[in-house]
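Coordinate-derived values only; no laboratory data. All of these numbers come straight from a predicted model, not from anything done at the bench. So basically every Cβ, Gly included, is an ideal-geometry build from the backbone, and we count neighbours across all protein chains shown.
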Amino acid sequence: MLTIQNYVKAKTLEEAYELNQARNSRVMGGMMWLRLGNANVKTMIDLSGLGLDQIEETDHVIKIGAMCTLRQLEQSEEIKAYCGDALAEAVRHIVGVQFRNQATVGGSIYGRYGFSDVLTCLLAMDTFVELYDGGTVRLREFIERKKDKDILLSIIIRKNPRKVRYLSVRRTKTDFPVLTCAVVTGEVHGKECWYFSIGARPMHAALIEKEWRISAETTKEQLEAYAKEVADGFRYGSNMRASSRYRKHLAQVLVMRAMESIITEGR
Amino acid sequence: MEIQFRLNGKQVAAEVAGDSILLDVLRKLGCVSVKCGCETTNCGLCTVWINNKTRLSCSVLAAGVDGQEVTTLEGLQEEAAEFGRFLAEEGAEQCGFCSPGFIMSVLAMVRELDNPTIGEMKEYLAGNLCRCTGYMGQLRAIQKYMKAKRMQFQAAGEEVQA
């Protein structure tokens, strides 16, 4: 059960940060996951009055405020123009519209949840997190850090030309995923790079990076060998939703499908 | 702490604790259409609108709606009754327990989506669970309701032109 002694809607970021330094303070996102756990919170800090609910685009980046809802991600024209339907695909299977109207991007990322579709997709992209105290950090570094008392302000996606694909498997619609998969490719320092992120293994998403040259001429056998190499590169676990062997099999299939989809589109 | 917000068009005040949940506060204020069905934040029965967006009131801290606008089924009686007739005509429901949350989502969908396909309707309403039926009657009712609404709208437009 969750108990909260004081609720504070922070008036400034500084106030939110100061309040959060106490051991039994918590910052709330959409409260979707927080409320299902057990915690005695002395001060619950609400960031909803600080203007962190905007998606801003500049020439080089898309900046997503931590309090943006998953529904905002799904409907953002800026995000769609950059990476097509991939991020929308990553969130549209999550429970329902009323849930996504409330769940926040900041909550999804800060929580480093094993089941997170959002984390899986953003991890494969050129993504950073902006922290109040800790500056701007690569997402892949941030998720390996221990949770601390800093405050996540925004998610920053660098708009380098990339092809992005997202796929997930669920036992039933709107359920937690059995496995999540994002595949991203683009040129980095003149070399063709492929980024593979697999989540819900059931551990949180992790990333594998490869410098592979793949084209329409690449044989199916070679692609399958690549997909197998990627799938073999992750650790998997078993839980009530699937065994580790089944997850590894799914990873190979989803990676293959995502690569084929990118090649079919042509680069 | 005391909070003030607009509930179904009327300004209301309530005394709430830091961990009071909006669902409980709304029920105490007489909006008993708002119910808790699952305790795991996914059945959609507790759906209300906050600033005209559907939300799960079981996961909203009451303190957070201070100064906001909340709408429940009690505030949409006429529209709900009209759509309810379509549901009844299709024999869509069995126990009816899930209806309040479902109707809140349908009425939000009608406002948000323009002429949706069946696939889009299913996706929009996926967060409302019904454990009696297979949703087929509900989908027929929605299609007929939306068609009737469009015809009403067109007729009103022609009247204005005439």
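Considering only A:Phe196, A:Tyr226, A:Leu250, whose Cα is most displaced toward the positive end of the charge dipole of the range A:163-265, charges sitting on Cβ of Lys, Arg (+1) and Asp, Glu (-1)?
Value: A:Leu250.
I need to check one value: relative contact order of chain A, counting alpha carbon pairs closer than 8 Å and at least 6 residues apart, in percent.
15 percent
Grab the DSSP H runs of chain A that are 4 residues or longer, score each as -39,500 (n - 2.57), total them, divide by all residues and round the 222 nm result to the nearest 500 deg cm²/dmol.
-8500 deg cm²/dmol
I need the trypsin sites (Lys or Arg not before Pro) found in the range A:166-258, filtered to DSSP loop residues with at most 16 other beta carbons within 10 Å of theirs.
Passing both the DSSP loop test and the Cβ count: A:Arg171, A:Lys173, A:Arg213, A:Arg235.
Counting only other residues whose beta carbon sits under 13 Å from that of A:Ile62, what net charge do I get with K and R as +1, D and E as -1?
Taking every Cβ under 13 Å from that of A:Ile62, the sum is -2.
Across peptide A:96-109, what mean number of C-beta atoms from other chains lies inside 10 Å of a residue's C-beta?
Rounded to a whole number, the mean comes out at 6.
Work out the mean other chain Cβ neighbour count within 10 Å for the residues of B:121-129 and drop it here as an integer.
4
Within a Cβ distance under 12 Å of B:Val48, other residues only, what is the Lys/Arg minus Asp/Glu net charge?
Net of charged neighbours comes to +2.
Return the FRET efficiency for the residue pair B:Gln143, A:Thr174: r is the Cβ-Cβ distance, R0 is 22 Å, and the value is rounded to the nearest 0.05.
Calculated value: 0.50.
Would you tally the net charge around A:Ser154, using a Cβ to Cβ cut-off of less than 9 Å, leaving A:Ser154 out, and scoring K and R as +1, D and E as -1?
-1
First measure r as the distance between the Cβ atoms of B:Glu15 and B:Asn51, then evaluate 1/(1 + (r/R0)^6) with R0 = 30 Å and state the FRET efficiency to the nearest 0.05.
0.85
Hey, in the GNM for chain B with a 10 angstrom Cα cutoff, which one of B:Ala141, B:Ala17, B:Ala126 fluctuates hardest?
Taking springs between Cα atoms under 10 Å, the residue moving most is B:Ala17.
Using the Cα centre of the range A:55-158 as the reference point, and only Cβ charges (+1 on K/R, -1 on D/E), how large is the resulting charge dipole? Debye, rounded to the nearest 20.
420 debye
For the range A:55-158, with the dipole built from +1 on Lys and Arg beta-carbon atoms and -1 on Asp and Glu ones, taken about the Cα centre, which of A:Leu87, A:Val61, A:Leu139 lies farthest toward the positive end?
Looking along the dipole axis, the top candidate is A:Leu139.
Show me, for the range A:82-93, the HN-Hα J-couplings you get by feeding each phi into the Karplus relation (A = 6.51, B = -1.76, C = 1.60, θ = phi - 60°), rounded to Hz, glycine and proline as x.
Karplus-based 3J(HN,Hα) across the range A:82-93 equals 7, 10, x, 8, 4, 5, 4, 5, 5, 10, 5, 8 Hz.
Normalised by the residues of the range B:5-144, what does the relative contact order come to in percent, with Cα pairs under 8 Å and at least six apart?
RCO, the range B:5-144: 27 percent.
With a cut-off of at most 16 other beta carbons within 10 Å, and DSSP calling the residue loop, which GluC sites (Glu not before Pro) in the range A:158-234 qualify? Please list them.
Passing sites in the range A:158-234 are A:Glu211, A:Glu217.
Lysines within cross-link reach of A:Lys210: Cα-Cα under 24 Å, excluding same-chain residues under 8 positions apart?
Straight-line reach from A:Lys210, under 24 Å: A:Lys159, A:Lys163, A:Lys191, A:Lys220, A:Lys228, A:Lys248.
Mean-square fluctuation check for chain A, GNM, Cα pairs under 10 Å: which of A:Gly190, A:Gly96, A:Gly199 is largest?
A:Gly190
Given H placed 1.01 Å from N in the peptide plane, which residues other than close sequence neighbours of A:Val188 have an amide H under 5 Å from its amide H?
A:Cys193
As an exercise, use a Förster radius of 25 Å and the Cβ-Cβ distance of B:Glu39 and B:Glu2 to find the FRET efficiency, rounded to the nearest 0.05.
0.35
Per residue of B:51-60, how many C-beta atoms from partner chains lie within 10 Å of its own C-beta, taken as a mean?
The per-residue average across the peptide is 5.
Given springs between every Cα pair under 10 Å in a Gaussian network model of chain A, which of A:Asn239, A:Asn101, A:Asn20 has the largest fluctuation?
With Cα springs under 10 Å in chain A, the top fluctuation among A:Asn239, A:Asn101, A:Asn20 is at A:Asn239.
Relative to the Cα centre, what is the charge dipole magnitude of the range A:1-46, using +1 at the beta carbon of each Lys and Arg, -1 at the beta carbon of each Asp and Glu, and rounding to the nearest 20 debye?
180 debye
Return one quarter of the surface area of the convex hull spanned by the alpha-carbon atoms of chain A, equal to its mean projected area, in nm².
14.3 nm²
Once you sort the root eigenvalues of the Cα gyration tensor of the range A:55-158 as a ≥ b ≥ c, which label holds: rounded (a/c under 1.5), prolate (a/b larger than b/c) or oblate (the other case)?
Judged from the Cα gyration tensor, the range A:55-158 comes out oblate (a/c at least 1.5, b/c at or above a/b).
Modelling each spin label as a point 7 Å along the Cα-to-Cβ direction, I'd like the B:Lys122/A:Glu77 distance in nm, to one decimal.
Once both label points are built, they end up 3.0 nm from each other.
Compute, for the protein assembly as shown, the length of the dipole vector about the Cα centre, with Cβ point charges of +1 (Lys, Arg) and -1 (Asp, Glu) only. Units Debye, rounded to 20.
So the dipole magnitude of the protein assembly as shown works out to roughly 1340 debye.
Based on alpha-carbon centroids, what's the gap between the range A:168-224 and the range B:8-59 in Å, whole number please?
Between the Cα centre of the range A:168-224 and that of the range B:8-59, the gap is 40 Å.
Rounded, prolate or oblate: which fits chain B when a ≥ b ≥ c are the square roots of the eigenvalues of the alpha-carbon gyration tensor, with rounded for a/c under 1.5 and prolate only if a/b beats b/c?
Because a/c hits 1.5 or more and a/b fails to exceed b/c, chain B counts as oblate.
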